[in-house]
Amino acid sequence: MCSQICASMGDVDDLLAKLKITSCPHCKRTGFLNKHGSLPGYVLNQTGKPVRGARAVRVYCSNRRVALCGQANGCGKTFSVWTADKIKHLFLSANSLWLFLNDSVNSGNKIQAFRNLNCGLGYSSTYHIWRRFRSAQVAVRTALVALCQPPQLESDNPAKLTLDHLAKAFQDHPLSPIAAFAVSLQTFFL
Ligand SMILES: [Zn+2]
C-alpha cells in the first residue's frame, strides 16, 4: 500500500478535509477519495508506553459507482496517511528512534541506549531495530546525498556517518531529523 506522510496531525486533518478535491495517488482522478478506517497497531500513550491504537488513516478511492451505474470513477485502491512521528512496523516514535540511534553510536552500548528510552519493551527489540537501521543505511545515504554533501568526519563508523549526514541535511527543519526525512522525501526512514 502506498503511503503519504504528513508533518503533524493537523496536516492529516487538513488532507482528510480536502479528500474530495485531492487526486488519488494511484489513478490520479479527483473526487473519489473517502476516509476508510485506520491501520491498527501499537501507539505510545502520554507516558510513552505502547498501547493499542490507530497507527495511520486509510483512504479509499471509491469505484462503487461502476457497479451501480457504469460511470467512470475511482480505482478501488487504498493508501495510508501517516504522521511523520510514526514509522511503519515500529512502535518507537521517530524522535525516540533518533535518540536511540545517536545514543547507541555515541556510547557504543545499544542495550543501555534502549533502556534510556524507558519504553517498557523487551531488549530483544534493540537488535531488531539496529538490524533494520543497518539494512536501511545505503538507501538513506543515497537519499541524503541528493539533499547535501555528507559532513567532513574523521570516522570509520558508517552508522555515525549516516546520522551526522542526516542531522546536517535537516539542521534547520522544525521536526526531528528522522521525521523531517520522512516528510521531505515521502518515504519511511526504515
Ligand atoms: Zn484511484
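The values are calculated or read from the model by the stated rules, or taken from the named source; none is laboratory data. Model, not experiment: these values are computed from the prediction. Cβ atoms come from the backbone with ideal geometry, glycine included; neighbour counts cover every protein chain shown.
This table checks each residue for (1) modelled with pLDDT of 95 or more; (2) buried (at least 16 other Cβ atoms within 10 Å of the Cβ); (3) not aliphatic (A, V, I, L, M).
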{"residue": "His128", "(1), (2), (3)": "no, no, yes"}
{"residue": "Val140", "(1), (2), (3)": "yes, yes, no"}
{"residue": "Leu153", "(1), (2), (3)": "no, no, no"}
{"residue": "Phe170", "(1), (2), (3)": "yes, yes, yes"}
Q. Using beta carbons and a limit of 6 Å, which pairs, at least six apart or on different chains, have the first residue in region 73-96 and away from the ligand (no atom under 16 Å from the Cβ) and the second one hydroxyl-bearing (Ser, Thr, Tyr)?
A. Trp82/Ser3; Asp85/Ser93; Phe91/Tyr42; Ala94/Ser176; Asn95/Ser176
Q. In region 21-31, how many residues are under 16 Å from Val81 (Cα atoms) and surrounded by 14 or more Cβ atoms within 10 Å (Cβ to Cβ)?
A. 4
Q: Specify the residue that is nearest to the ligand (Cβ to nearest atom); the eligible residues are those in region 1-20 that are more than 20 Å from Thr187 (Cβ to Cβ) and surrounded by 15 or more Cβ atoms within 10 Å (Cβ to Cβ).
A: Leu19
Q.
With the condition being touching a Lys or Arg at 6+ places or on another chain (Cβ under 8 Å) and more than 17 Å from Ala179 (Cα to Cα), I'd like the helices (runs of 4 or more DSSP H) fully within region 1-108 carrying at least 2 qualifying residues.
A. 94-107
Q) When you go through (1) in contact (Cβ under 8 Å) with a residue 40 or more places away in the chain; (2) more than 21 Å from the chain's Cα centre (by Cα) one by one for Lys110, which number turns out not to apply? A) (1)
Q) Can you find a residue in region 41-54 that is within 16 Å of the ligand (Cβ to nearest atom), at pLDDT below 95 and under 22 Å from His89 (Cβ atoms)? A) no
Q) Residues of region 72-104 being more than 22 Å from Thr187 (Cβ to Cβ) and crowded, with 19+ Cβ neighbours inside 10 Å, which ones? A) Asn73, Gly74, Ser104
Q: Looking only at region 116-157, count how many residues are in contact (Cβ under 8 Å) with a residue 24 or more places away in the chain, in a loop (DSSP other than H, G, I, E, B) and closer than 24 Å to Phe170 by Cα.
A: 2
